[in-house]
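Here's the structure, in C-alpha cells; my notes come after.
What follows draws every value from the coordinates through simple rules; no lab data is involved. Note that the coordinates shown come from a computational prediction; the quantities given were computed from them, not determined experimentally. So basically every Cβ, Gly included, is an ideal-geometry build from the backbone, and we count neighbours across all protein chains shown.
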Amino acid sequence: MSYLQKQKSSLKIQQDLFMSAAAPSVKHIVIIGGGPAGLTAAIAIKSSLAAAQFDVMILDHKLPFEKPCGGGITAKTLHAFPFLTGLQHLAVTTNQFSFESGHGLRCEVESLEALTIVSRKDLGAFLLEKALALGVRHYKEKAMRLGHDGKKAFVQTDHGAHAADVLIGADGAQGASRRLFGVRSFEKNRAAGLGFYVEGIAGSKAVIKFLPRKHGYLWVFPRPTHASVGFFAVAGEVSRGECERIIKTYLDEHYPGVKLDPAKTYSATIPLIFEWHKEQFTGTVHQTPFALAGDAAGFADPITGEGIYYAFKSGAMLAEAICTGDILKYKQRCEAEIIPELQKSARLFPKFYRTHFIDLMVLLSRRSRSVQRVMSDLITGTQSYLTLKSRLKSLAPKILREMLFGG
Ligand SMILES: Cc1cc2nc3c(=O)[nH]c(=O)nc-3n(C[C@H](O)[C@H](O)[C@H](O)COP(=O)(O)OP(=O)(O)OC[C@H]3O[C@@H](n4cnc5c(N)ncnc54)[C@H](O)[C@@H]3O)c2cc1C
C-alpha cells in the first residue's frame, strides 16, 4: 500500500471511529457487496422504524454494473417486495415462453403472471438510488481482509479500512466474504454460465431450451436494448468452448444473421448446494456479528438458477433481524423460509433433468392447459417445489381429460 493510500486508510478509520464516538448508540453496519442482497439489506434497515440507530455503508467496487445474469425477475418477487415498484419501466415484461426439450420437442406457453427481465446495471442503479436517498453510504472499494481491535471488526479494502459493529457478506458466489468469514467454499457445488448481450433479436418471447444429458439450460431473455442469451450447466459438465458452440448453433438455427460479439460475452457462477446441514449463515468474526446473504450464502434455486428472489428475501430478513437486535433470528428464518424450498429443488434436480422427463412435460404441455399452467407458474415463481407433486396429483384427472379430448 502506498503512503497516500495508508494516509487515506487511517483517515477513514478515524472518520468511522469519530462517528461512533460522536453517537455511541449508533451501530455501524458494513455490507460487503451491493447486489440485490446487500442493497435490499441496506434499504430495509434504513427504511425501518429503527433506522436512526444504524449507519449503513456498502462497499462495492463495481456497483452499478452489468452483472453476468439473465436478469429474469419473477412475479412472486415483484409481489413480495414493494420497493421494486417502478422497475417494470426499465424492463421487458413477458408472458410468452417457448420451451424446447433435449430431443427438440417444443411448446409455446402463455403464462398468467409475467416475467420481468431487466439489465443488471439498471437494477443496480435503481436500487442504489433508493439506498442513497435513505442515507446509505456507498464506497467504490473492494473488500480484501478483515481485522479487529478486540471491540470492533475492520474491513480492509483496496482503498482503506472501515470499522463495523455488524458485518454483512453479500458479495455473490465468487466474492471473498465466505472465505474471510471462515465459511467453507462452494467447491464443486456450483453451476457455471456463459452468456452474451446480443442485439438484433426482435420480440418479447423468452426461450428456455434444454440439452440432452446436460444439467442446465440455454436461455434467450429479451431486454429493452438487447437480449441476454446464455447457457449454464453444472460446473465441469461443459467447457467454455462447448458453451459457446451450443449458443452459436442455437442462434444460427433460430435467429439467422444475429452475430455474437466476443466483447459482449460473460461468464459467472451460480451456487448449487445439495447438502445444507453443514452450511452457516450467521456467526461472529473477531466477536463482531456477521451474516451472509444472497449468493454468498448459497441461496439459489438449483433447477432454475433463480437467485434474485432469494437475494431480496435474505437481505430483507437479515435487515429485520438486525433491527430487532437478534441476528440469530436470521438463521432461524433462513432455515424455515428459504432452505426447505431449495432442498426440495435439489432433491428434484436429478429427476427434473432426465431428458425423458422434460420431453414428457413438453409433450403434455402441448395438449394440456393445466400442465402449461404448472410449467409457467414454475418459471414465474408462483409454483413452489414444495407443493408441486400434490398439485400435479390433484390435476391428474383433468390432465388426462385434456390429453384425450384436448383443452
Ligand atoms: C449466468 C447467470 C444467469 C442468471 N440468471 C438469473 C435470472 O435470470 N434470474 C435470477 O433470479 N437469477 C439469475 N441468476 C442468479 C443471480 O444473478 C444471483 O442469484 C443474484 O445476483 C444474487 O444476488 P447477490 O446480491 O447475492 O449477489 P450479486 O448480484 O452477485 O452481487 C454481489 C456484489 O458484490 C460485489 N463484490 C464482489 N466481491 C466484492 C468485494 N471483495 N468487495 C466489495 N464488493 C464485492 C460485486 O461487485 C456485486 O455487485 C443468474 C446467475 C448467473 C451466473
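Observations, loosely collected:
- Rounded to 10°, Cα long-axis angle of helix 3-22 versus longest principal axis of the chain: 80
- Label zone of residue 112 (point 7 Å out along Cα→Cβ, amide N under 14 Å): in the stretch 73-87 this covers 75-76.
- FRET efficiency, 1/(1 + (r/R0)^6) with R0 25 Å, evaluated for residue 62 and residue 199 via beta carbons: 0.60
- For the chain, with +1 on Lys and Arg beta carbons and -1 on Asp and Glu, the positive-most of 104, 322, 336 along the dipole: 104
- Normalised by the number of residues in the chain, the mean separation of alpha-carbon contacts (under 8 Å, six or more apart) gives a relative contact order of 21 percent.
- Anisotropy class of the stretch 352-405 from Cα gyration tensor, a/c 1.5 cut: oblate
- The Rg/Rh ratio for the stretch 170-224 is 1.12, where Rg is the radius of gyration of the alpha carbons and Rh is the Kirkwood radius.
- Straightening the chain between residue 240 and residue 26 buys 72.2 nm, computed as 0.36 nm per residue apart minus the Cα-Cα spacing.
- HN-Hα J in Hz across the stretch 215-228 - Karplus 6.51, -1.76, 1.60, θ = phi - 60°, x for Gly and Pro: 9, x, 7, 8, 10, 10, 10, x, 10, x, 10, 6, 10, 9
- With Cα atoms, 0 to 90° folded angle of helix 388-405 axis to the chain main axis: 20
- For the stretch 336-353 versus the stretch 272-331, the inter-centroid distance based on Cα atoms is 17 Å.
- Axis angle, to the nearest 10 degrees, between helix 328-337 and the longest C-alpha principal axis of the chain: 0 degrees.
- Distance from the Cα centroid of the stretch 230-262 to that of the stretch 75-109 is 21 Å (rounded to whole angstrom).
- Sparse-neighbourhood loop sites, trypsin sites (Lys or Arg not before Pro) in the stretch 70-159 - DSSP loop, at most 11 other Cβ within 10 angstrom: 151
- Cα gyration tensor shape for the chain, rounded if a/c is under 1.5, else prolate or oblate: prolate
- The calculated FRET efficiency for residue 140 paired with residue 351, based on their beta-carbon distance and R0 = 51 Å, is about 0.70.
- Taking the fewest neighbouring Cβ atoms within 10 Å as the starting point, the ordered list for 93, 40, 380 is 93, 380, 40.
- Sequentially through the stretch 139-155, phi angles give Karplus couplings (6.51, -1.76, 1.60; θ = phi - 60°) of 10, 7, 9, 9, 5, 10, 8, 10, x, 7, 10, x, 10, 10, 9, 10, 9 Hz, Gly and Pro residues having no value and appearing as x.
- Farthest towards the positive end of the charge dipole of the stretch 352-405, among the residues 378, 361, 396, is the Cα of 396, using unit charges on the Cβ of Lys, Arg, Asp and Glu.
- Summarising the label geometry, the points placed 7 Å from Cα in the beta-carbon direction at residue 276 and residue 384 lie 1.1 nm from one another.
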